[in-house]
Amino acid sequence: MALIHAPLRFFLILPLSLLFPYSLFITLGLYYSPSHPEHYGRFAWPGFGVTFGANLIGLFVVLMRCDIVWAVAATWICASIWSARPKPAPVYVTVILFTALHPLALFGTLLYRRLTNREGRIALPIDEEHDTGSSNRRGPREVDAEGLWGSG
């Protein structure tokens, strides 16, 4: 199941953090022509907002679910965003920050869960009537029905 589950979750993260912002910006007309790369900084703050929001959602998922797949996928996508040039400074700083924050959040959550150890076995009190481990007790025996219920 993990061989199917992990790639599907990875491809869920791809549209959320990369394809949705691209489609949104093209629909709203917030893009620059590839023939004029000097205009790439015109829409820096909307790019910052969408990038920051999508990565903040991913960080929240990693913190709440201790999700290894989401942390790896979000880090990979952030690294792919900052490796493509040119980028406006707010977007560049945001993706570099979240490239470091996603793995740190995962390791912090793993460490927190390991140290608090809220899950575990339940320790039941010792039941003296049914304790068959001691050698000084008598084993199974016949029950005297007359003595138990009385006669008549």
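The values are calculated or read from the model by the stated rules, or taken from the named source; none is laboratory data. Source: prediction; values computed, not measured. Glycine gets a Cβ as well: all are built from the backbone with ideal geometry, and neighbour counts include every protein chain shown. Heads up: the accessible areas ignore ligands, DNA and RNA and are worked out on the full protein's heavy atoms, side chains in. Shrake-Rupley method; radii C 1.70, N 1.55, O 1.52, S 1.80 Å.
Among residues of the stretch 49-63 that are touching a residue at least 12 places away in the same chain (Cβ under 8 Å), those with a Cβ under 7 angstrom from a residue that is open to solvent by 40 Å² or more (accessible area, probe 1.4 Å), sequence gap 6+ or separate chain, pair up as V50/L24; A54/L16; L59/L101. Pick from F48, F20, F25, F11: which is within 24 Å of T109 (Cβ to Cβ) and of a type in the set (F, W, Y)? None of the others qualify; the one that does is F11.
Scanning the stretch 75-127 for residues that are in contact with a Ser or Thr (Cβ under 7 Å, 6 or more places away or on another chain) and more than 20 Å from F11 (Cα to Cα), which turns out modelled with the lowest pLDDT? Among residues in the stretch 75-127 that are in contact with a Ser or Thr (Cβ under 7 Å, 6 or more places away or on another chain) and more than 20 Å from F11 (Cα to Cα), the one modelled with the lowest pLDDT is V91. Only residues that are closer than 17 Å to L19 by Cα and in a helix (DSSP H, G or I) were counted in the stretch 61-91, giving 13. With the structure loaded, tell me whether R138 is at pLDDT 75 or above and open to solvent by 100 Å² or more (accessible area, probe 1.4 Å) or whether it fails that test. So R138 does not fit the description; no. Determine, yes or no, whether G58 is open to solvent by less than 50 Å² (accessible area, probe 1.4 Å), part of a helix (DSSP H, G or I), of a type outside the set (D, E) and out of contact with any helix residue (DSSP H, G or I) (no Cβ under 6 Å at 6 or more places or on another chain). It is false that G58 is open to solvent by less than 50 Å² (accessible area, probe 1.4 Å), part of a helix (DSSP H, G or I), of a type outside the set (D, E) and out of contact with any helix residue (DSSP H, G or I) (no Cβ under 6 Å at 6 or more places or on another chain). Whether a residue is open to solvent by 60 Å² or more (accessible area, probe 1.4 Å), assigned to a helix (DSSP H, G or I), out of contact with any Gly (no Cβ under 6 Å at 6 or more places or on another chain) and among the β-branched types (V, I, T) was assessed, and I4 passes this test. Given (1) in a helix (DSSP H, G or I); (2) in contact with a Phe, Trp or Tyr (Cβ under 9 Å, 6 or more places away or on another chain); (3) more than 30 Å from Y112 (Cα to Cα); (4) open to solvent by 90 Å² or more (accessible area, probe 1.4 Å), where does F20 come up short, assuming only one miss? Of everything listed in (1) in a helix (DSSP H, G or I); (2) in contact with a Phe, Trp or Tyr (Cβ under 9 Å, 6 or more places away or on another chain); (3) more than 30 Å from Y112 (Cα to Cα); (4) open to solvent by 90 Å² or more (accessible area, probe 1.4 Å), F20 misses just condition (2).
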